[in-house]
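Asks: Provided herewith is a single structure, encoded as structure tokens, for subsequent inquiry.
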Amino acid sequence: MRMRKLKIGIQGIKASFHDMASKAYFANQDIQLVEIRDFRSLAEATAKGDIDYAVMAIENTIAGSILPNYGFIEEFGLKILGEEYLRISMQLMALPGTKLSDIKEVTSHPMALRQSMKFLRDHPHWKISEVTDTAASARNIDEQNLQGVAAIAGSLAATTYNLEIITADIETNKQNYTRFLVLGKEDENHVHESDKASVMLILAHTPGALSKALQVLDEYGLNLTKIQSVPIIGKPYEYAIHFDIEYSDYLVYKAAMEKIEAMAIESKIMGVYKKGPAPVKV
């Protein structure tokens, strides 16, 4: 009996960086990509069970954290089940046969344009146009047969939308990575395989509250890989603190968390999962 394909939801369209991250994480599985317009709708579709898993960007080494996505994960009660780090390499692409001298306009997502600005400054006569998705900029050129227009997108977009890469790797900073979270409706009980946890805490507004929680991590030998404050909606200048913690022994992590949770006004384990391969310096 043939197994059904896993429905993997992404924000954006086929051949986007979200799609590339999905293919990397689910490399050995039969998946069906579900294109979803925005991050909130992606979280909602996951919570409703319309898709099996969501792949959602959470931070970039240049642009920083995507704070609203923390809120969507909490709002819809989603669990973090895994992560994927993707190197973001920008390619300049256009219709086959197009030369660099033929280009009059370049189109892409605002972030991709910003991350390629050093290259773009060398061509000040080009018109710069923003679209909602890197892959959409490539698709538009293919579908509308846009002469003299180039897109900035990932390499998958070129092969998917029948374009040629004119100039490769035009991103300004080569150490450009995006971390994607794999989200599901429920925990998958992979506790014994896990070595990373994402935790949300709300601590009292008292001197030393945060430092005391951090001291516990040090006491138990846990590695804090990320700390992020996120505004609490409806409570001006109050914040939830998000931690990412790596560990080698789940029971040690559990003991530390029991101690930290006793200090907190509110706590929530956002996910316990296997950490993704760390970015490699290029």
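The values are calculated or read from the model by the stated rules, or taken from the named source; none is laboratory data. Since the model is a prediction, treat every value here as computed from it, not as a measurement. Note: ideal-geometry Cβ built from the backbone for every residue, glycine included; neighbour counts use all protein chains shown.
Asks: Quickly run through the stretch 136-170 and pick out the residues that are surrounded by fewer than 20 Cβ atoms within 10 Å (Cβ to Cβ), of a type in the set (Ser, Thr, Tyr) and assigned to a helix (DSSP H, G or I). Even if it seems obvious, please write down each step before you answer.
Replies: Of the stretch 136-170, the ones surrounded by fewer than 20 Cβ atoms within 10 Å (Cβ to Cβ) are 140, 142-148, 155-156, 159-160, 162, 164-169.
Cutting the leftovers down to of a type in the set (Ser, Thr, Tyr) gives us 155, 159-160, 167.
Within the stretch 136-170, Ser155, Thr159, Thr160 qualify.
Asks: Does the stretch 27-41 contain any residue that is assigned to a loop (DSSP other than H, G, I, E, B) and closer than 20 Å to Ile165 by Cβ? Lay out the reasoning, then the answer.
Replies: Taking the stretch 27-41 first, the residues assigned to a loop (DSSP other than H, G, I, E, B) are 27-30, 37-38.
Those left that are additionally closer than 20 Å to Ile165 by Cβ: none.
For the stretch 27-41, residues assigned to a loop (DSSP other than H, G, I, E, B) and closer than 20 Å to Ile165 by Cβ: absent.
Asks: Now, a different point. Filter the stretch 42-64 for residues that are among the polar types (S, T, N, Q) and not in a strand (DSSP E or B); which is farthest from Gly276 (Cα to Cα)?
Replies: As a first pass, look at the stretch 42-64 and keep what is among the polar types (S, T, N, Q): 46, 60-61.
From what is left, the residues that are not in a strand (DSSP E or B) are 46, 61.
Working: Thr46: 21, Thr61: 15 Å.
Among those that are among the polar types (S, T, N, Q) and not in a strand (DSSP E or B), it is Thr46.
Asks: Among the numbered criteria (1) farther than 27 Å from Ile62 by Cα; (2) touching a residue at least 40 places away in the same chain (Cβ under 8 Å); (3) within 18 Å of the chain's Cα centre (by Cα), which one does Pro96 miss?
Replies: Condition (3) is where Pro96 drops out.
Asks: Now for a separate question. For the stretch 237-268, what are the residues that are free of Cβ contacts under 8 Å to residues at least 40 places away in the same chain and under 27 Å from the mean Cα position of the chain (by Cα)?
Replies: Tyr237, Glu238, Tyr239, Asp249, Lys254
Asks: Looking at (1) surrounded by 13 or more Cβ atoms within 10 Å (Cβ to Cβ); (2) within 29 Å of the chain's Cα centre (by Cα); (3) not basic (Lys, Arg), which one does His123 not meet, given that it meets all the others?
Replies: (2)
Asks: I've got another one for you. Only one residue in Tyr253, Tyr247, Tyr220, Tyr273 is surrounded by 11 or more Cβ atoms within 10 Å (Cβ to Cβ), at pLDDT 95 or above, closer than 13 Å to Ile80 by Cα and not basic (Lys, Arg). Which one? Steps first, please.
Replies: On the way: Tyr253 fails: closer than 13 Å to Ile80 by Cα; Tyr247 fails: closer than 13 Å to Ile80 by Cα; Tyr220 fails: closer than 13 Å to Ile80 by Cα.
Going through Tyr253, Tyr247, Tyr220, Tyr273 in turn, the sole match is Tyr273.
Asks: Suppose the filter is closer than 20 Å to Tyr25 by Cβ, out of contact with any Cys (no Cβ under 8 Å at 6 or more places or on another chain), among the charged types (D, E, K, R) and modelled with pLDDT under 95; does Lys185 pass it? If you could, list the steps in order and put the result at the bottom.
Replies: Details: closer than 20 Å to Tyr25 by Cβ: yes; out of contact with any Cys (no Cβ under 8 Å at 6 or more places or on another chain): yes; among the charged types (D, E, K, R): yes; modelled with pLDDT under 95: yes.
It is true that Lys185 is closer than 20 Å to Tyr25 by Cβ, out of contact with any Cys (no Cβ under 8 Å at 6 or more places or on another chain), among the charged types (D, E, K, R) and modelled with pLDDT under 95.
Asks: Scan the stretch 56-92 for residues that are in contact with an Asp or Glu (Cβ under 7 Å, 6 or more places away or on another chain), within 20 Å of Ser155 (Cα to Cα) and among the hydrophobic types (A, V, I, L, M, F, W, C) and report the count.
Replies: So the answer is 2.
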